[in-house]
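The values are calculated or read from the model by the stated rules, or taken from the named source; none is laboratory data. As the structure is a prediction and not an experimental result, all values here were calculated from the model. Cβ placement follows ideal geometry from the backbone for every residue including glycine, while neighbour counts extend to all protein chains displayed.
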Amino acid sequence: MFSEIKIRDITDLAKCLIVPVSVLVEVCYTCNEKCVHCCLDNHNQRGMSLKQYEMLFDQMVTAGTFFVILTGGEPFTRKDFMDIVRAARKRRLSVTIFTNGTLLSEKDISDIAKLFVQDVHVSIYSTNEKVHDSITQIPGSFRKSISAIRAMVKEGINVRIKCPLMLANANDISNLVKMAESLGAKMQFATTITARNDGDISTHKLQMSDRQLVKAIKHSAVSENISVSVRDKDDGNSVPCDTILNGGAIDPRGNVFPCNQWRICGGNVLHDNFGKIWKESEVFTAFRQIRLRNLVKCQTCEIFNYCTRCPGLALLEDNDICGCSASAKKVAEARMITGTLPTQRHIFSKI
Amino acid sequence: MDANLFVAKGINVSCRTINGTSCILFEDKKEVVSLNETASIIWEMINGATKVGDLIQESINNFDGDRIFIEKSVISFLEELSTEGAIVFSLEKFEGVMKNV
Ligand code: SF4
């Protein structure tokens with residue numbers, strides 16, 4: 001009678017049905033750090049009200065959202081941030097928080113644990129306090145972030161340290177891995193410093209040198225290695241990135257984007273229902289038609305199997321959503337030199 | 001199974017209706033279990049304040065069929081959910097932020 005229980009892969013199910021299963025919500029752009037590589041082009045937006053977030057979360061639940069990533073700016077610059085987390089958890093959204101950790105109080109940490117927040121990601125840029133603080137441009141920020149990580153791990157919270165690699169910290173990978181281990185946290189690196197949201201590419205001068213990039217890619221903590229490519233260049237029907245089908249991002253003003261790097265707005269949740277925007281926005285519908293067969297350069301590219309191209313970055317940095325992404329190409333070339341195939345299945349994925 | 005036990009949805013599970021089907025997500029495993037229509041109705045009744053006995057009685061009231069068969073089916077469904085960690089039992093009503101959600 002009740003035995004028809006079927007186990008499915010959530011991302012595949014969501015992809016086929018265009019369900020925004022995992023949504024990133026930027027609750028403010030205000031921040032207490034001034035990171036040199038920050039992708040934000042302003043730090044003024046304070047975000048929607050708690051009531052508006054409660055409404056949004058209700059709409060997300062109806063739309064089928066399971067996972068929500070709460071980020072900023074620095075989300076803890078909002079005095080009511082933990083109320084937003086509570087509102088999400090009350091609706092049984094699985095919550096991940098991105099923070100620099102410097103503003104967390106003991107009570108915040110205890111509440112995060114009690115609310116069963118799935119993960120907290122904390123940005124740490126170096127094991128060297130001076131280097132970290134020079135990147136955040138806030139003296140004392142390293143110590144505060146590290147002490148927040150310690151306190152969270154002690155409370156049983158899953159902490160992931162995130163580090164975008166750049167000129168200033170590329171030689172610190174092994175030390176960062178050891179430090180994360182000793183703190184009881186996971187470690188995750190990113191190899192690309194992106195343009196700012198307004199297309200300003202001045203941040204690119206912070207990127208790793210070609211030599212540093214190759215060395216970083218070789219490191220097992222930066223990229224997993226697999227022997228068979230997960231890509232199929234002959235499948236012209238594959239989608240450039242799954243996020244347009246099962247993702248979503250919302251900025252502090254309520255604008256909805258395919259993801260936080262794909263900054264084309266499909267609607268605003270203050271004027272329209274989130275689920276309706278996701279399914280019916282004309283611009284999103286048009287993006288969903290783009291297939292590998294439309295990416296002429298990629299289809300004939302020799303390093304296709306090594307590429308982790310982001311359509312949003314191709315548009316933001318190179319002005320062509322169907323063209324080659326210079327940032328992705330740089331990383332793909334380093335991957336080819338080291339023979340490191342990417343594992344990301346959501347890119348150039350089968351439909 | 002004791003009919004007086006209170007039943008609540010597990011802390012790390014959530015449920016959504018996707019395309020008319022109830023889907024339970026196990027957050028840790030990122031795995032979704034989809035339920036059939038009858039199972040969805042029972043699932044919806046679980047709120048931390050309902051007892052095993054209430055679920056059985058409600059099912060007998062709502063579904064056609066032999067009383068004993070329905071009772072056995074509800075119990076085996078609850079056992080299955082419990083094994084998966086989707087529900088928890090308690091002698092007391094469940095309190096706190098996860099109650100009734
Ligand atoms: S390197 Fe450029 S052309 Fe080649 S697959 Fe990547 S984005 Fe496409």
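If only residues of the range A:306-319 that are on the phi < 0 side of the Ramachandran plot and more than 10 Å from the ligand (Cβ to nearest atom) are counted, the one that is farthest from the other protein chains (Cβ to nearest Cβ) is A:317. Would a scan of the range A:108-117 turn up a residue that is crowded, with 17+ Cβ neighbours inside 10 Å and among the small types (Gly, Ala, Ser)? No, because not a single residue in the range A:108-117 is crowded, with 17+ Cβ neighbours inside 10 Å and among the small types (Gly, Ala, Ser).
Condition check for residue B:93 on (1) in contact with a strand residue (DSSP E or B) (Cβ under 8 Å, 6 or more places away or on another chain); (2) surrounded by 19 or more Cβ atoms within 10 Å (Cβ to Cβ): one failure, at (2). The residue that is farthest from the other protein chains (Cβ to nearest Cβ), counting only those in the range A:34-72 that are in a loop (DSSP other than H, G, I, E, B) and more than 30 Å from residue A:169 (Cβ to Cβ), is A:46.
Quick one: in the range A:215-255, of everything that is part of a loop (DSSP other than H, G, I, E, B) and of a type in the set (S, T, N, Q), which residue is surrounded by the fewest Cβ atoms within 10 Å (Cβ to Cβ)? Steps first, please.
Start the filter on the range A:215-255 by keeping residues that are part of a loop (DSSP other than H, G, I, E, B), which leaves A:219-238, A:242, A:247-248, A:251-254.
Filter again for of a type in the set (S, T, N, Q), leaving A:220, A:223, A:225, A:227, A:229, A:237-238.
Numbers: A:220: 10, A:223: 21, A:225: 14, A:227: 6, A:229: 14, A:237: 10, A:238: 19.
Taking the candidates together, the pick is A:227.
Examine the range B:5-12 for a residue that is surrounded by fewer than 20 Cβ atoms within 10 Å (Cβ to Cβ) and of a type in the set (Lys, Arg), and state whether such a residue exists.
Step one: of the range B:5-12, the residues surrounded by fewer than 20 Cβ atoms within 10 Å (Cβ to Cβ) are B:5-6, B:10-12.
Pick out the ones that are also of a type in the set (Lys, Arg) and you get none.
Within the range B:5-12 (the criterion being surrounded by fewer than 20 Cβ atoms within 10 Å (Cβ to Cβ) and of a type in the set (Lys, Arg)), the answer is no, since none of the residues qualifies.
Taken residue by residue, the range A:279-290 has at least one member that is among the aliphatic types (A, V, I, L, M), in contact (Cβ under 8 Å) with a residue 24 or more places away in the chain and outside any strand (DSSP E or B).
Across the range A:292-305, the number of residues qualifying as buried (at least 17 other Cβ atoms within 10 Å of the Cβ), free of Cβ contacts under 8 Å to residues at least 60 places away in the same chain and more than 8 Å from the ligand (Cβ to nearest atom) comes to 1.
In the range A:326-340, the condition of being more than 14 Å from chain B (Cβ to nearest Cβ), part of a loop (DSSP other than H, G, I, E, B), more than 8 Å from the ligand (Cβ to nearest atom) and of a type in the set (Ser, Thr, Tyr) is met by at least one residue. Residue check, residue A:312 against (1) closer than 23 Å to residue A:20 by Cβ; (2) surrounded by fewer than 23 Cβ atoms within 10 Å (Cβ to Cβ), all met but one. Which one? Among (1) closer than 23 Å to residue A:20 by Cβ; (2) surrounded by fewer than 23 Cβ atoms within 10 Å (Cβ to Cβ), residue A:312 violates only (2). Mind listing just one residue for me: the one in the range B:7-42 that is within 7 Å of chain A (Cβ to nearest Cβ) and among the charged types (D, E, K, R) and, of those, nearest to the chain's Cα centre (by Cα)? Looking at the filtered set, the residue picked out is B:16. Just one of (1) at pLDDT 95 or above; (2) assigned to a loop (DSSP other than H, G, I, E, B); (3) within 9 Å of chain B (Cβ to nearest Cβ) fails for residue A:86. It is (2).
Can residue A:54 be described as acidic (Asp, Glu), at pLDDT 95 or above and closer than 24 Å to residue A:133 by Cα? It is false that residue A:54 is acidic (Asp, Glu), at pLDDT 95 or above and closer than 24 Å to residue A:133 by Cα.
Here residue A:267 meets each of (1) within 14 Å of the ligand (Cβ to nearest atom); (2) touching a strand residue (DSSP E or B) at 6+ places or on another chain (Cβ under 7 Å) with one exception, condition (1).
Do we have residue A:287 as aromatic (Phe, Trp, Tyr), on the phi < 0 side of the Ramachandran plot and either within 13 Å of the ligand (Cβ to nearest atom) or more than 14 Å from chain B (Cβ to nearest Cβ) (or both) here?
yes
Across the range B:43-85, what is the total count of residues that are within 11 Å of another protein chain (Cβ to nearest Cβ), within 15 Å of residue B:8 (Cα to Cα) and not in a helix (DSSP H, G or I)? The total comes to 1. Residue count for the range A:159-183, restricted to those that are surrounded by 15 or more Cβ atoms within 10 Å (Cβ to Cβ) and not in a helix (DSSP H, G or I): 10.
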